Structure formats: structure tokens, C-alpha cells
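We did not get these values from a lab; they are worked out from the coordinates using the rules stated. All of these numbers come straight from a predicted model, not from anything done at the bench. All Cβ positions, glycine included, derive from the backbone under ideal geometry; neighbour counts span all protein chains shown.
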Amino acid sequence: MTGAAERPPLPGSWPRQPDGFTCGPSVVVVAQDLAGGPVTGWPGFTARVHVTNRRLHRWWPRLLGTTPWAVARALGGRVRPFRHDAVRAALPHPVPVFVGSRLLPRHVVLVLAATPQDLLAYDPARGDLVPLSTLRWPVRWCAVLPH
């Protein structure tokens, strides 16, 4: 990758998810905000995450987290097994990635850029942009790739 794909044109501060169960809705809100153009702040972030959480979980228990298919419906993408090169190729479109343990997905992050060595993701639990390799969840389950 060259040029802009290596250096994300992104805001300097990132919002944190409002609670331990809203990483998926937080990723959806940030992806939608970034799709709207330059972001200078996150007004009403917590309220928008809670509204998105209710919308994404109409028939699914919120405490079980957000399904990849709900994120795909919200962002207009398709769920695919995680492949580093497929996620890299989808940039500069934001790519939600479900990570977890070897048994099941536990967290959602939003890949926004790449360096030659790693993918950079918005981690709503930290409220920061971090290398994907530094996440505490070692297994990358799936990605929501743009159509």
C-alpha cells in the first residue's frame, strides 16, 4: 500500500463505547460518521450508540453482543471470514472486524488504515486507533467487507 492508505486522514481523538456491550453499535456509529466526511468531534455519541444498539438488536439479546450480519445490514456490507489481504484491499472503506477467543467472537473493531506491517483499527473499548496485532483478542473471526 502506498500514499493515503498508510496514513489515515482521521480525527485525533476517538470516542469510547458507553458500556461493555456496545462495541458493535459504537463501530457502526463511527463508520457512519466517517462516511459522511471529515469528523471534528463526536456530538451525541453515547445517545446515538444506544439508539443504534436498539435498532441492531430487535430480535437478538443485547447482552450477547452484535452479530456480524446486523453490522453488515447497518453498513451495507457482506460478512466474510477474516483475511488480512481482503481487509487491506477494502481500504479506505472502514471495515468492521470481529475478534475473540478461539471459541467465539467477543469484540468488534473498525479497521480504518494500514501500515506496511499491520492494520490500524478503531477500538471502541480503548477509544483509540491501535494496531490490530495489539488487541487482547487473538483470533480474527470475520470482517464486514463493503459491497
Review point. Going by average Cβ neighbours within 10 Å, how do the peptides 132-140, 49-57 rank, with the highest at the top?
Key: 49-57, 132-140
Study note, to complete from the structure: Any residue on another chain or 5+ positions along whose placed amide H is under 5 Å from the amide H of Ala113 is listed here as Leu120
Check your understanding: Quick one: Karplus J couplings for region 125-139, per residue in order, coefficients 6.51, -1.76, 1.60, θ = phi - 60°, nearest Hz, x for Gly and Pro?
Key -> 5, 8, x, 7, 9, 9, x, 4, 5, 8, 5, 6, 8, x, 9
Practice item. Fewest Cβ neighbours within 10 Å first, please rank Asp85, Asp123, Asp118, Asp128 accordingly. Key: Asp85, Asp128, Asp118, Asp123
Point to revise | Magnitude of the charge dipole, the chain, Cβ model with Lys/Arg +1 and Asp/Glu -1, debye to 20 | key: 540 debye
Study note, to complete from the structure: Contact order relative to length for region 82-147, counting C-alpha pairs under 8 Å separated by 6 or more residues, stands in percent at 38 percent
Review point. Relative contact order for region 21-146: what is it in percent, counting Cα pairs under 8 Å that are at least 6 residues apart?
Key: 28 percent
Study note, to complete from the structure: Of all C-alpha pairs within region 1-138, those more than 23 angstrom apart amount in percent to 28 percent
